[in-house]
Amino acid sequence: AEALFLRQGLEFSLNELAHEAGLGVATTYRRFASHDDVVRALHERAYAGFVAILDALEDAPDGWSGVVGYLERAVAMSNAHPSYAAAAR
């Protein structure tokens, strides 16, 4: 789904997703009943990543180090997965 997001934005079908993933269409529909379910799954994946960043910074030496650490890691993750911003929108 991320690869399709990067190429086409949110405008792709579950048939295209199945083809991209090398899966049968029926297999894809068993996992995702609708296009919205794909977007939700990607959003949940991104959200979990940002929560993991926050969790990793619980032991930051001070508040400012935590803020800087979060921003650096969040930007790096967003750059590595540019489709996350589209899913959030």
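The values are calculated or read from the model by the stated rules, or taken from the named source; none is laboratory data. The structure displayed is predicted, hence computed values, not measured ones. Cβ: placed from backbone, ideal geometry, glycine included. Neighbour counts: every protein chain shown. Areas reflect the complete protein model, heavy atoms only, side chains present, ligands, DNA and RNA absent. Shrake-Rupley method; radii C 1.70, N 1.55, O 1.52, S 1.80 Å.
Examine the range 76-89 for a residue that is outside any helix (DSSP H, G or I), basic (Lys, Arg) and open to solvent by 70 Å² or more (accessible area, probe 1.4 Å), and state whether such a residue exists.
Of all residues in the range 76-89, those outside any helix (DSSP H, G or I) come to 81-82, 89.
Filter once more, so that each one left must be basic (Lys, Arg): 89.
Those left that are additionally open to solvent by 70 Å² or more (accessible area, probe 1.4 Å): 89.
Scanning the range 76-89, I find at least one residue that is outside any helix (DSSP H, G or I), basic (Lys, Arg) and open to solvent by 70 Å² or more (accessible area, probe 1.4 Å), so the answer is yes.
Any residue that is part of a helix (DSSP H, G or I), of a type outside the set (Asp, Glu) and in contact (Cβ under 8 Å) with a residue 40 or more places away in the chain - is there at least one of those in the range 6-15? Step through it out loud before you land on a result.
To start, the set of residues in the range 6-15 that are part of a helix (DSSP H, G or I) comprises 6-8, 14-15.
Restricting the remaining residues to those that are of a type outside the set (Asp, Glu) gives 6-8, 14-15.
Narrowing further to those that are in contact (Cβ under 8 Å) with a residue 40 or more places away in the chain: 6.
Taking every residue of the range 6-15 in turn, at least one turns out to be part of a helix (DSSP H, G or I), of a type outside the set (Asp, Glu) and in contact (Cβ under 8 Å) with a residue 40 or more places away in the chain.
Please count how many residues of the range 4-51 are within 26 Å of Ala74 (Cβ to Cβ) and open to solvent by 40 Å² or more (accessible area, probe 1.4 Å).
Residues that pass the stated criteria total 14.
Just name the residue that is nearest to Ala85 (Cα to Cα) out of those in the range 22-39 that are touching a residue at least 12 places away in the same chain (Cβ under 8 Å) and in a helix (DSSP H, G or I).
The initial filter retains those residues of the range 22-39 that are touching a residue at least 12 places away in the same chain (Cβ under 8 Å), namely 28-29, 32, 34-35, 38-39.
Narrowing the set further to residues that are in a helix (DSSP H, G or I) leaves 28-29, 35, 38-39.
Numbers: Thr28: 23, Tyr29: 24, His35: 17, Val38: 14, Val39: 11 Å.
This residue is Val39.
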